[in-house]
1. Answer yes or no: is there a residue in the stretch 127-138 that is farther than 20 Å from residue 234 by Cα and either touching a helix residue (DSSP H, G or I) at 6+ places or on another chain (Cβ under 6 Å) or not assigned by TED's automatic domain parsing to the domain that holds residue 270 (or both).
2. So which helices (runs of 4 or more DSSP H) are wholly in the stretch 171-276 and hold at least 3 residues that are within 23 Å of residue 19 (Cα to Cα)?
3. Give me the helices (runs of 4 or more DSSP H) completely within the stretch 53-108, filtered to those with at least 3 residues that are in contact (Cβ under 8 Å) with a residue 60 or more places away in the chain, ordered by residue number.
4. Kindly indicate whether any position in the stretch 23-31 is in contact with a helix residue (DSSP H, G or I) (Cβ under 6 Å, 6 or more places away or on another chain), modelled with pLDDT under 95 and loosely packed, with under 14 Cβ neighbours inside 10 Å.
5. Can you go through 207, 248 and tell me which one is in the same structural domain as residue 173 (by TED's automatic domain parsing), touching a residue at least 12 places away in the same chain (Cβ under 8 Å), crowded, with 21+ Cβ neighbours inside 10 Å and under 17 Å from the mean Cα position of the chain (by Cα)?
6. Which is under 18 Å from residue 256 (Cα atoms) and assigned by TED's automatic domain parsing to the domain that holds residue 221, of 144, 154, 173?
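The values are calculated or read from the model by the stated rules, or taken from the named source; none is laboratory data. This is a predicted model, so every value here is computed, not measured. Neighbour counts are summed over all protein chains in view; Cβ atoms, including those assigned to glycine, are modelled from backbone coordinates with ideal geometry.
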């Protein structure tokens with residue numbers, strides 16, 4: 001099982017230790033451009049001394065880092081570590097977030113107070129009548145949506161708990177595997193997103209509670225959480241099997257809301273003239289018939 005969160009949030013040292021160890025384990029000496037001395041390596045991937053060599057630091061210093069102590073580490077060392085471990089953009093950002101959290105005194109740690117989606121943002125949502133759109137936070141709570149967005153995620157909203165949460169739906173709802181044809185991809189992507197958010201906001205109690213709940217109730221979540229994979233969810237394609245209109249192939253774009261740190265506007269679309277485009281029109285009629293209101297779908301951060 002994943003390490004428990006500390007009373008003050010995600011345990012930073014444990015996150016750092018496990019993240020660096022899992023990144024090191026996935027890289028072979030050949031991938032790193034190093035000779036593989038001996039055929040009986042006791043550890044998968046690179047040894048600590050090999051990472052230290054590649055990053056240009058002493059073995060003792062790297063051992064200190066992998067034990068979870070990133071406090072005071074310079075940006076140049078973090079960048080060298082990212083190169084040595086072949087970190088991608090999301091992983092590099094995660095490492096920087098972990099280092100920043102390690103250097104933040106506890107008295108400066110703040111948990112953002114919940115607040116509703118602002119009326120101007122809601123008006124923008126409601127003006128989008130031809131495409132599904134919603135506002136989410138880093139925990140994947142769906143905070144508000146337009147009528148078509150609510151209709152698209154009607155299965156998610158079937159659970160009366162609020163705020164509606166995509167990760168809770170994917171891992172705990174028996175309807176999720178029918179709703180997401182590529183359930184494995186959706187599940188892995190969500191956990192990678194939550195890991196990224198845990199590095200960015202390690203003292204978010206609601207996130208800590210969500211991770212704890214899913215870790216206890218879902219072995220599939222536990223396995224993925226322990227892998228320490230991180231990733232973005234900004235653009236791409238999503239397959240959905242909707243119980244009313246059937247199979248949908250949607251593109252999506254997620255855009256940060258600069259005036260509302262931590263919130264993103266997500267908009268789905270379909271190729272004009274496609275079967276999905278026609279299905280969205282049918283879904284819009286279904287939403288109108290069912291009288292979906294702003295008040296029924298809005299909640300707080």
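1. Going through the stretch 127-138, the residues farther than 20 Å from residue 234 by Cα turn out to be 127, 129-130.
Restricting the remaining residues to those that are either touching a helix residue (DSSP H, G or I) at 6+ places or on another chain (Cβ under 6 Å) or not assigned by TED's automatic domain parsing to the domain that holds residue 270 (or both) gives none.
No.
2. Hits in the stretch 171-276: 183-200, 205-217, 219-226.
3. Values: elements: 59-66, 75-84, 89-102.
It comes to 89-102.
4. No, the stretch 23-31 has no match at all.
5. Values: 248 fails: under 17 Å from the mean Cα position of the chain (by Cα).
Just one listed residue meets the conditions, 207.
6. Numbers: 154 fails: under 18 Å from residue 256 (Cα atoms); 173 fails: under 18 Å from residue 256 (Cα atoms).
Being under 18 Å from residue 256 (Cα atoms) and assigned by TED's automatic domain parsing to the domain that holds residue 221 holds for just one of 144, 154, 173, which is 144.
For (1) within 26 Å of residue 193 (Cα to Cα); (2) surrounded by fewer than 17 Cβ atoms within 10 Å (Cβ to Cβ); (3) in contact with a strand residue (DSSP E or B) (Cβ under 8 Å, 6 or more places away or on another chain), each residue gets a yes or a no:
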position	(1), (2), (3)
43	no, yes, no
50	no, no, no
54	no, no, no
58	no, yes, no
63	no, yes, no
67	yes, yes, no
73	yes, no, no
82	yes, no, no
87	yes, no, no
